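Before any comments, here is the structure.
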């Protein structure tokens, strides 16, 4: 399960996430925050990890409750900030009343939820009528394949079928003296948007930010690394 993985690597992730201008968050977060409506009522962040998105939401005036399934990551988040409310829980069984939040945020966490569709249903349940859900995920295309070689012009190849169920991915990365073993679920595009529709959401805005993070092979400027959307609860 992904939560076991994150318990084991919480310290590595905190070092990775908290190094300024180190990973893709610093490049892509502004595009994500542009999707969010101005602060109104209560905001819930699901899968807050070590808390960097929560802290950025607080700086933008949001009244935030943040949840995660990983105890080690929640401790890191609480140690870095005492303003938000932090709670350990399962995204598929949120311990909140119906219609108790105006905004639900999933920043690169929705794809790590074991039951992603249940997480989307729970987001719909706790949102007020007309409330928004904003999410960023690693792009389903980027997760589906790989480059054939390290050459800058190498082809990006998807083997087998793209459509279908979720896949478990593992990607160890070493950069700038830091190491992180990324592991989690990957879902095709149809799974995300099918889950949104069945939960009563309508997509208002969609972003595939250009200019992907280039690695030492110069690959990632050629395909989108992230997919972001804002959806409104209609049912």
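Brief remarks follow.
- Residues located in the stretch 126-160, provided they are surrounded by fewer than 17 Cβ atoms within 10 Å (Cβ to Cβ) and either touching a residue at least 40 places away in the same chain (Cβ under 8 Å) or closer than 19 Å to residue 235 by Cα (or both): 128, 129, 130, 150, 151, 152, 154, 156
- Selection over the stretch 142-170 of residues that are out of contact with any helix residue (DSSP H, G or I) (no Cβ under 8 Å at 6 or more places or on another chain), more than 11 Å from residue 187 (Cβ to Cβ) and in a loop (DSSP other than H, G, I, E, B) gives a count of 12.
- If you go through the stretch 40-83 and keep only what is assigned to a loop (DSSP other than H, G, I, E, B) and over 19 Å from the mean Cα position of the chain (by Cα), you end up with 40, 41, 61, 81, 82, 83.
- Selected residue (criterion: farthest from residue 226 (Cα to Cα)) from residues of the stretch 8-39 that are more than 17 Å from the chain's Cα centre (by Cα), at pLDDT 90 or above and in a helix (DSSP H, G or I): 11
- Candidate set from the stretch 171-180 (those that are exposed (fewer than 10 other Cβ atoms within 10 Å of the Cβ) and assigned to a strand (DSSP E or B)); member that is farthest from the chain's Cα centre (by Cα): 174
Here is a yes/no grid of residues against (1) surrounded by 19 or more Cβ atoms within 10 Å (Cβ to Cβ); (2) out of contact with any helix residue (DSSP H, G or I) (no Cβ under 8 Å at 6 or more places or on another chain); (3) within 26 Å of residue 209 (Cα to Cα):
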{"site": "4", "(1), (2), (3)": "no, yes, no"}
{"site": "15", "(1), (2), (3)": "no, yes, yes"}
{"site": "28", "(1), (2), (3)": "yes, yes, yes"}
{"site": "38", "(1), (2), (3)": "no, yes, yes"}
{"site": "43", "(1), (2), (3)": "yes, no, yes"}
{"site": "63", "(1), (2), (3)": "no, yes, no"}
{"site": "74", "(1), (2), (3)": "yes, yes, no"}
{"site": "97", "(1), (2), (3)": "no, no, no"}
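- Contact map, the stretch 24-43: residues that are within 30 Å of residue 180 (Cβ to Cβ) paired with residues that are assigned to a loop (DSSP other than H, G, I, E, B) and at pLDDT 95 or above, Cβ distance under 6 Å, separation 6+ or inter-chain. Pairs shown: 43/62.
- Among the residues of the stretch 104-117, at least one is part of a helix (DSSP H, G or I), under 21 Å from the mean Cα position of the chain (by Cα) and farther than 23 Å from residue 24 by Cβ.
The values are calculated or read from the model by the stated rules, or taken from the named source; none is laboratory data. Bear in mind the structure is a predicted one, so any value in this text is a computation, not a measurement. Ideal geometry is used to build each Cβ from the backbone, glycine not excepted, and the neighbour counts take in all protein chains shown.
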